[in-house]
Amino acid sequence: MTIDDFHNEKLPMPKLFRVVSVELDVLRSKLGSGYGVIFDCDETVIRKVRRVKSKIGWHWQLVREHKDQEKWDYYIESDRESLNNINYEYGLMK
């Protein structure tokens with residue numbers, strides 16, 4: 001399932017702070033076979049997200065699965081940026 005499924009009403013919106021696993025389309029840099037680094041490879045990853053309400057309104061937030069995930073998860077910040085792009089796309093953040 002994707003966040004689009006919730007916004008297109010294919011799935012009911014999860015309750016506030018309820019964690020759901022969704023597929024995110026993200027950009028990854030990959031090592032090519034003998035050609036160096038290949039940038040901007042689209043990849044689909046499963047990440048846990050939740051809907052939260054803050055002073056800027058309702059939006060989707062990436063959930064850390066482990067306390068120190070930022071230290072060892074190389075892609076968590078770029079995935080957070082991808083999720084923020086989805087929030088902007090749906091007009092949830094300005």
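The values are calculated or read from the model by the stated rules, or taken from the named source; none is laboratory data. Remember, predicted model here, so these are calculated numbers, not experimental data. For neighbour counting, all protein chains shown are included, and Cβ atoms are generated from backbone atoms with ideal geometry for every residue, glycine included. Calculation scope for accessible area: heavy atoms of the full protein, side chains included, ligands and nucleic acids excluded. Shrake-Rupley method; radii C 1.70, N 1.55, O 1.52, S 1.80 Å.
Of all residues in the range 44-77, those satisfying the criterion of being touching a Lys or Arg at 6+ places or on another chain (Cβ under 8 Å) and farther than 19 Å from Met13 by Cβ are Glu65, Glu70, Tyr75, Ile76. In the range 62-80, the residue that is surrounded by the most Cβ atoms within 10 Å (Cβ to Cβ) out of those that are in contact with a Leu (Cβ under 9 Å, 6 or more places away or on another chain) and farther than 11 Å from Val49 by Cβ is Ile76. Among the residues of the range 81-94, the ones that are farther than 14 Å from Arg28 by Cα, open to solvent by 40 Å² or more (accessible area, probe 1.4 Å) and assigned to a helix (DSSP H, G or I) come to 4 in all.
Please enumerate the residues belonging to the range 1-36 that are assigned to a strand (DSSP E or B) and either in contact with a His (Cβ under 8 Å, 6 or more places away or on another chain) or modelled with pLDDT of 90 or more (or both). Break it down into steps so the answer makes sense when it comes.
Keep residues of the range 1-36 that are assigned to a strand (DSSP E or B), which gives 20-32, 36.
Hits for the range 1-36 are Val20, Ser21, Val22, Glu23.
Pairs meeting the criteria (first residue in the range 82-94 and within 13 Å of Asp4 (Cα to Cα), second residue modelled with pLDDT under 90 and assigned to a loop (DSSP other than H, G, I, E, B), beta carbons under 7 Å, at least 6 apart or on different chains) are Asn87/Met93.
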